[in-house]
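*Asks:* Dropping the structure in here first, questions after.
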Amino acid sequence: MPRLRLLLVFVLCALACSGPARAVARTSAQLALGDRVARYARSFVGVRYSWGGTSPRAGFDCSGLVAYVYRRFGVKLPHYTVAQYTRGSRVPRSSLRAGDLVFFAGLSHVGIYVGSGRFVHAPHTGARVRVERLSEGWYRSTFSGARRIRLGWGNGTGPAAKSGPAPSRAKRSGWPFSSWP
């Protein structure tokens, strides 16, 4: 009987210890994915902006760049900023990590956070994909929120598909719009 109790205690301890290890593994995998997403997104710096664009050859608009980059990692995102905002989980600005989506101007613009206060995006007609600082004027003043896309999320499955609606001030289009810097 003492052996059975000892075995039971051992099994319970093993089970209790395995939970955090899995959480750490998931967190490490998510960090690695974010870094790979950010690095891949930066590889498109210099590609021309094209309204409705979804490829390096045709050019990108902001949501087309995001969808193209995430598709590379098996996550299918819509080509529409407001719909992209409904995927993943909310992230406070103070907790941004590489690969997070950053939204501006009532969700009419999106980019991919690459770390150190910077993000990559396809800004507007006549420009090229570039890296900017979140702390710069227009981006700081029109920041609308951020989302973290996880493996298995963003493709219409999992908890991300059940996120709440986008803020009501969101616009489907807005390019070009008068407040652009």
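Every number in this text was worked out from the coordinates using simple rules, so none of it is lab data. The structure displayed is predicted, hence computed values, not measured ones. Using ideal geometry, Cβ is built from the backbone for each residue, glycine included, and neighbour counts are taken over all protein chains shown.
*Asks:* Given points 7 Å out from each Cα along the Cα-Cβ axis, report the SER116 to ALA83 separation in nanometres with one decimal.
*Replies:* Using points 7 Å along Cα→Cβ, the separation is 3.5 nm.
*Asks:* Here's another thing I want to ask about it. Using only the alpha-carbon atoms of the stretch 27-160 as identical scatterers, what base-10 log of I(q)/I(0) does the Debye formula give at q = 0.09, 0.11, 0.20, 0.21 Å⁻¹?
*Replies:* -0.21, -0.31, -1.15, -1.28
*Asks:* Let me ask something additional. Could you check the simple spin-label distance between SER94 and PHE73, using points 7 Å along Cα→Cβ, in nm with one decimal?
*Replies:* A separation of 2.5 nm, rounded to one decimal place.
*Asks:* Still on this model: Between the DSSP loop rule and a limit of at most 14 other Cβ atoms within 10 Å, which trypsin sites (Lys or Arg not before Pro) in the stretch 27-122 are left?
*Replies:* ARG57, ARG72, LYS76
*Asks:* Right, something else. With an 8 Å cut-off on Cα pairs and a minimum separation of 6 or more residues, tell me the relative contact order of the stretch 48-155 in percent.
*Replies:* After rounding, I find 31 percent.
*Asks:* If amide H atoms are built 1.01 Å from N in the plane of the peptide, which residues on other chains or at least 5 residues away come under 5 Å of the amide H of HIS124?
*Replies:* Residues meeting the amide H criterion: none.
*Asks:* Between ALA32 and THR125, how high is the FRET efficiency from 1/(1 + (r/R0)^6) when r is the Cβ-Cβ distance and R₀ = 30 Å? Nearest 0.05.
*Replies:* 0.30
*Asks:* Dipole of the stretch 51-121 (Lys/Arg Cβ +1, Asp/Glu Cβ -1, origin at the Cα centre): which of ALA58, LEU96, VAL120 lies farthest to the positive side?
*Replies:* Among ALA58, LEU96, VAL120, the one farthest towards the positive end of the dipole of the stretch 51-121 is LEU96.
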